[in-house]
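First comes the structure, then the notes that go with it.
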2 protein chains.
Amino acid sequence: MAEKWYIANGNQGDIILSSRVRLARNLVDFPFPCRISPEEAQRLDEVIVKALSDFPGEKLHAVRMSDLTMHRAVSLAEKHFISPEFTDPAPGRMLILSDQEDISIMVCEDDHLRIQTMCAGFAIDEAYQAASAVDDHLDRRVQYAFDERLGYLTQSPTGLGTAMRASFMLHLPALSQNWEISRLATTIGKLGLSIRGSYGESGVAKGDIYVLSNQVTLGISEKAALDNLKAIALQLATRERAARDEMEKNVAFADRIHRAYGILNSARMVSSEEMMELLSLVRLGAVAGTVPVRLETVNELMATLQPASMNADYDENMDAAARDALRADRIRARFAEDLQNQSR
Amino acid sequence: MAEKWYIANGNQGDIILSSRVRLARNLVDFPFPCRISPEEAQRLDEVIVKALSDFPGEKLHAVRMSDLTMHRAVSLAEKHFISPEFTDPAPGRMLILSDQEDISIMVCEDDHLRIQTMCAGFAIDEAYQAASAVDDHLDRRVQYAFDERLGYLTQSPTGLGTAMRASFMLHLPALSQNWEISRLATTIGKLGLSIRGSYGESGVAKGDIYVLSNQVTLGISEKAALDNLKAIALQLATRERAARDEMEKNVAFADRIHRAYGILNSARMVSSEEMMELLSLVRLGAVAGTVPVRLETVNELMATLQPASMNADYDENMDAAARDALRADRIRARFAEDLQNQSR
């Protein structure tokens, strides 16, 4: 089985972890989610499930958010299948996820539908095609709220127009040094894009992982928005690579990478914060080939060893100390596998 | 070839690294070193070299301190063959060192002769016998300054009597926690002994390594002094083992040991301070068998990778950064050897 998009090492995977497209859609027959009644929300779910029942692509699975444990719900947000707000099980909230977890549809979030598609690496066109396939399928079965002048109608006016949010997840450890990323963020904002930390809150980017996304949806075509986003992402990647080349000349920096590997390869307790910080360094070593770890392993550990995901996957009752011990065990085990495979 | 005393793992080597006896002696025919003329000091050297020329034990080698580079001289102090003060090449200062480096005689330090003998582990009686063999040999060839009532006459009145300083080098990481060692030091002082850091200055014990020695030399026989010292050392060892047992129940402590191993096994730059701190933890893991490192390896790295010793052994012109890089390389190489030997 192919590795999932959040684990696979795609095109330009040294820096670009993944590409994502999200389309917001609303149905004319229902009030916006902020005004929908529980009964109408229930009926909306049924309409969507029915409309997708003959979707010809991957198998889709629907789950009501109210049926999930808290850890399982937060786990979905940790993997970026849903927004953090969607973990709150308001009436009608339902997630539709594909077998490969590369299509996720939030029903009754801020809009009736948030169709998301994800691909590994630099592959925003593929993600857009996948989203369009779902969108076209639904468009033939339900009536979207659409206005010739305003485009797709969304609950928040910031989505009007294409109602498309496209984004790249980027690993930018070198640009994160000396706050260079903060200076770049201002320029990026002026170009109609936004860059922010992916895992952290309040501006801190855990693991130096960022999300670069388009902000303008009105008065611009999907293609123009994607082209703009791609150009900036590639420029950031070029700058990041140049900054890495500079850093790699420094023996003290090589020392930091090897120490990060050594600690993760030995520690018996690792918090998720420390894991992200050290894996960011190990990822650089994996790209440069100086530590015996596959990029896919780094991606996998970052994606699967977040706190709620561990509770959901291993034991709902684990406390933080038990998680830290299990996290350390899992990291050591995966590093040992990579070392063994490499020395074969 | 047997490992040198500062590398070998002797009796009670989990805690007691080595035993040492130092005898101060002065010759009636010469003024004390503080008043000796360069010509007399030169003659003293000749008298001692001649008196030891037919020493029946190990082969002895004499070297004038003024013939050594600064790094080589400090290196001898780092290995505890000489006092730090003896690195200053005052007239007549000469070191006589045995092939196995377990007999070292300082000529023209504070006294005419400081006869030192060292053994691995808990072996103070063996060290005393070895020192006595040198002492007896010399006693038949030169005339010692000796008084029936005051015993051996020494330049400083604190040495009068037996003029013997016996000591153990102890690894006390568990007792170092929570300053328990500071509380014990007061009690030890009242018993006529002293405990202080071996490597550090100003009271800090680098690597948690301490020297326990007798302070009283007047009005006490050598045997009584040694028995007293042995009893206290064994009590400290018992307390240290109990404290280690307590610590080892703590997963956070196991984590610290494994991290120390992981860092030393991976880092590209390691200062001597960090090496001592981390090797102290690795030594605990080596004793408990939780890290794949031999105790002898820890002893060797602590003894041979001190700054001046590295310059003397590898390259007189190395700066601190080059030393830190070479130190990291040497540690990784020795850890790799131990791992390979263990997995055979």
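Observations on the model:
- For the peptide B:188-196, the mean number of other protein chain Cβ atoms found within 10 angstrom of a residue's Cβ is 0.
- Relative contact order (%) - chain A, alpha-carbon pairs under 8 angstrom, separation at least six: 20 percent
- Across chain B, Cα-Cα distances exceeding 26 Å account for 51% of all pairs.
- In the range B:134-217, trypsin sites (Lys or Arg not before Pro) in a DSSP loop with at most 12 other beta-carbon atoms within 10 Å: B:140, B:149
- Selected from A:280, A:264, A:291, residue furthest toward positive end of dipole (the range A:213-344; charges at beta carbon): A:291
- The GluC sites (Glu not before Pro) found in the range A:264-344 that occupy coil by DSSP, while having at most 15 further C-beta atoms within 10 Å, are A:316.
- Mean Cβ count within 10 Å, highest first, over the residues of peptides B:232-242, B:167-177, B:9-19: B:167-177, B:9-19, B:232-242
- Database remark: amide H of residue B:146 closer than 5 angstrom to the amide H of B:153 (H placed geometrically; neighbours at sequence offset of 5 or more, or on other chains; Pro and chain starts carry no H).
- The alpha carbons of the range B:270-332 give a radius of gyration and a Dmax of 12.1, 39 Å, in that order.
- Near the amide H of residue B:94, within less than 5 Å, lie the amide hydrogens of B:65, B:107, all on another chain or at least 5 residues away, with H placed in the peptide plane.
- Of A:119, A:217, A:309, farthest towards positive along the dipole that unit charges on Lys, Arg, Asp, Glu beta carbons give the protein assembly as shown: A:217
- Taking only the alpha carbons of the range B:1-121, we obtain Rg and Dmax values of 14.9, 48 Å in that order.
- Applied to the range B:193-198, the Karplus parametrisation 6.51 cos²θ - 1.76 cosθ + 1.60 on θ = phi - 60° returns per-residue 3J(HN,Hα) values of 10, 9, 10, 8, x, 8 Hz, with x for Gly and Pro.
- Calculated log₁₀ intensity ratio I(q)/I(0) where the Debye formula runs over C-alpha points of the protein assembly as shown, q = 0.05, 0.06, 0.07 Å⁻¹: -0.40, -0.52, -0.64
- Averaged over peptide B:247-259, the number of partner chain Cβ atoms lying within 10 Å of each residue's Cβ comes to 4.
- Candidate lysines for bridging to residue B:190, where Cα separation is under 29 Å - those fewer than 8 sequence places away on the same chain excluded: B:206, B:223, B:230
- Extreme residue, positive dipole direction of the protein assembly as shown, given options B:128, A:28, A:57 (C-beta unit charges): A:28
- Cα-centre dipole for the range A:225-299 with unit charges at Cβ (Lys and Arg positive, Asp and Glu negative), debye to 20: 120 debye
- Rounded to whole Hz, the Karplus (6.51, -1.76, 1.60) HN-Hα couplings of the range A:313-319, x for glycine and proline: 8, 10, 6, 4, 9, 4, 8
- Dipole in debye (nearest 20) - the protein assembly as shown, about Cα centre, beta carbon charges: Lys, Arg +1; Asp, Glu -1: 200 debye
- 3J(HN,Hα) couplings calculated from phi for the range B:92-101 with the Karplus curve 6.51 cos²θ - 1.76 cosθ + 1.60 (θ = phi - 60°) are, in sequence order, x, 5, 9, 10, 10, 10, 7, 3, 7, 6 Hz; Gly and Pro show x.
- Point-charge dipole on Cβ atoms (K/R +1, D/E -1) for the range B:29-108, about Cα centre, debye to 20: 140 debye
- A protection proxy built from the mean count of other Cβ atoms within 10 Å ranks the segments A:319-332, A:252-265, most packed first, as A:252-265, A:319-332.
- Based on the Kirkwood approach, the hydrodynamic radius assigned to the range A:175-241 is 12.5 Å, with every pair of different Cα atoms included.
- Enclosed volume per residue, in Å³, of the convex hull spanned by Cα atoms of the range A:156-214: 91 Å³
- Sparsely packed loop sites in the range A:41-148 (the GluC sites (Glu not before Pro) outside DSSP H, G, I, E and B with at most 13 other Cβ atoms within 10 Å) comprise A:148.
- Computed from the C-beta positions of residue A:290 and residue B:319, the FRET efficiency with R₀ = 22 Å rounds to 0.35.
- Cα gyration tensor category, rounded, prolate or oblate, for the range B:204-286 with a/c compared to 1.5: oblate
- Structural descriptor for the range B:84-165: relative contact order 15 percent, calculated from alpha carbon pairs under 8 angstrom and at least 6 residues apart.
- Square roots of five times the Cα gyration tensor eigenvalues for the range A:213-344, Å: 32, 23, 13
- Neighbouring partner chain Cβ atoms per residue of B:267-274, average, 10 Å criterion: 3
Each value in this text was obtained by applying a stated rule to the coordinates, not by laboratory testing. Quick caveat, the model's predicted, so the values are computed rather than measured. Neighbour counts run over all protein chains shown; Cβ positions are idealised from the backbone, glycine included.
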